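The values are calculated or read from the model by the stated rules, or taken from the named source; none is laboratory data. What you see is a predicted model; the values in this text were computed from it and never measured. Cβ atoms come from the backbone with ideal geometry, glycine included; neighbour counts cover every protein chain shown.
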Amino acid sequence: MDVLEKKKMIKALFPAFNQLSLIEEISAHAQYYTFPKGVEILKSGDYIKVIPLVIKGTLKVTGTDTSTGREVFLYYISKGQSCAMTLTSFLRMEKSKVKAITMEPTELLALPVEKVYTIHQKYPGWQHFLIDTFSQRFDELIHLFESSAFQHMDYKLVNHLANRSKLLNTTRLEISHQEIASDLASSREVISRLLKQLEKNGKVRLKRGIIELNPSFFTKNTTQSD
């Protein structure tokens, strides 16, 4: 991707970067990368060397519960977004506390951190982008906490599948029961039982490693609590 294409992409996807000089500086220094599905582009404990700006595709960000060692789903990153936790670690000069994996073929611009320091001090547009990113992720984490605390697991499961379907723009989800269980801090047995109930009700079709959402899945009262 040449510099002109980078400028067009940044202008279209990152409205907070509303200064031409900021767009030019990011375009000049950010490297373009493309990754297939299932690639771990950031590991917990890594030093932050670049800030990712997603221009196509989706990343899934997870952390680790220090008390149990269990992987915990945090949020998704899609086009026009960056990783709040990566930005936080960068600003604090800490190692990454999360990992990020591609959920589909993904393209991003990687901005070296040494340039980010200069940009952060020089451009209000970048500072606004940081505030927007932190605010959005905070809202998502609050919603995740409320869902975990107050919703029954069947409703959590339906919301999780619906959000994933909307994000990836497909009703054919390539995901295992174990991955869903990890995302929702549940057990594979519980998730499998609830999915079988959804299949019995005609809401989904289950295949090995695949969940197909039928049209009736998106109607109200999709599940009933056991």
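For region 149-160, check the following and say yes or no: at least one residue is modelled with pLDDT under 90, in a helix (DSSP H, G or I), of a type in the set (Phe, Trp, Tyr) and in contact with a helix residue (DSSP H, G or I) (Cβ under 9 Å, 6 or more places away or on another chain).
Scanning region 149-160 turns up at least one residue that is modelled with pLDDT under 90, in a helix (DSSP H, G or I), of a type in the set (Phe, Trp, Tyr) and in contact with a helix residue (DSSP H, G or I) (Cβ under 9 Å, 6 or more places away or on another chain).
Quick one: which of 137, 172, 164 is modelled with pLDDT of 90 or more, within 15 Å of the chain's Cα centre (by Cα) and not acidic (Asp, Glu)?
Among 137, 172, 164, only 164 is modelled with pLDDT of 90 or more, within 15 Å of the chain's Cα centre (by Cα) and not acidic (Asp, Glu).
Working carefully through the options 98, 116, find the one that is assigned by TED's automatic domain parsing to the domain that holds residue 26, under 25 Å from residue 39 (Cα atoms) and touching a residue at least 60 places away in the same chain (Cβ under 8 Å).
116
Tell me which residues, restricted to region 97-131, are aliphatic (A, V, I, L, M) and part of a strand (DSSP E or B).
Once the filter is applied, which keeps residues that are aliphatic (A, V, I, L, M) and part of a strand (DSSP E or B), region 97-131 yields 100, 101, 108, 109, 110, 111.
Please identify the pairs in which a residue from region 151-167 that is among the basic types (Lys, Arg) has its Cβ atom under 7 Å from the Cβ atom of a residue that is part of a helix (DSSP H, G or I), counting only partners at least 6 apart or on another chain.
Going by the 7 Å Cβ cut-off, the qualifying pairs are 156/147.
Check whether at least one residue in region 39-61 is in a loop (DSSP other than H, G, I, E, B), touching a residue at least 12 places away in the same chain (Cβ under 8 Å) and hydroxyl-bearing (Ser, Thr, Tyr), and report yes or no.
The answer is yes, given that some residue of region 39-61 is in a loop (DSSP other than H, G, I, E, B), touching a residue at least 12 places away in the same chain (Cβ under 8 Å) and hydroxyl-bearing (Ser, Thr, Tyr).
Scan region 96-144 residue by residue and report those that are closer than 23 Å to residue 184 by Cα and among the hydrophobic types (A, V, I, L, M, F, W, C).
Listed by number, the residues that qualify are 98, 100, 101, 103, 134, 138, 141, 142, 144.
Does any residue of region 191-210 turn out to be within 20 Å of residue 57 (Cα to Cα), modelled with pLDDT of 90 or more and not in a loop (DSSP other than H, G, I, E, B)?
Within region 191-210, one or more residues are within 20 Å of residue 57 (Cα to Cα), modelled with pLDDT of 90 or more and not in a loop (DSSP other than H, G, I, E, B).
Residues 58, 34: which one is of a type in the set (Ser, Thr, Tyr), on the phi < 0 side of the Ramachandran plot and buried (at least 18 other Cβ atoms within 10 Å of the Cβ)?
58
Being in a loop (DSSP other than H, G, I, E, B) and hydroxyl-bearing (Ser, Thr, Tyr) is the filter here, so list the residues in region 75-96 that pass it.
Within region 75-96, 82, 96 qualify.
How many residues are within 12 Å of residue 101 (Cα to Cα) and in contact with a Gly (Cβ under 9 Å, 6 or more places away or on another chain) if we restrict to region 39-73?
Looking only at that region, the number is 2.
It is to be established whether one or more residues within region 65-72 are within 20 Å of residue 134 (Cα to Cα) and at pLDDT below 90.
So far as region 65-72 goes, yes, one or more of its residues are within 20 Å of residue 134 (Cα to Cα) and at pLDDT below 90.
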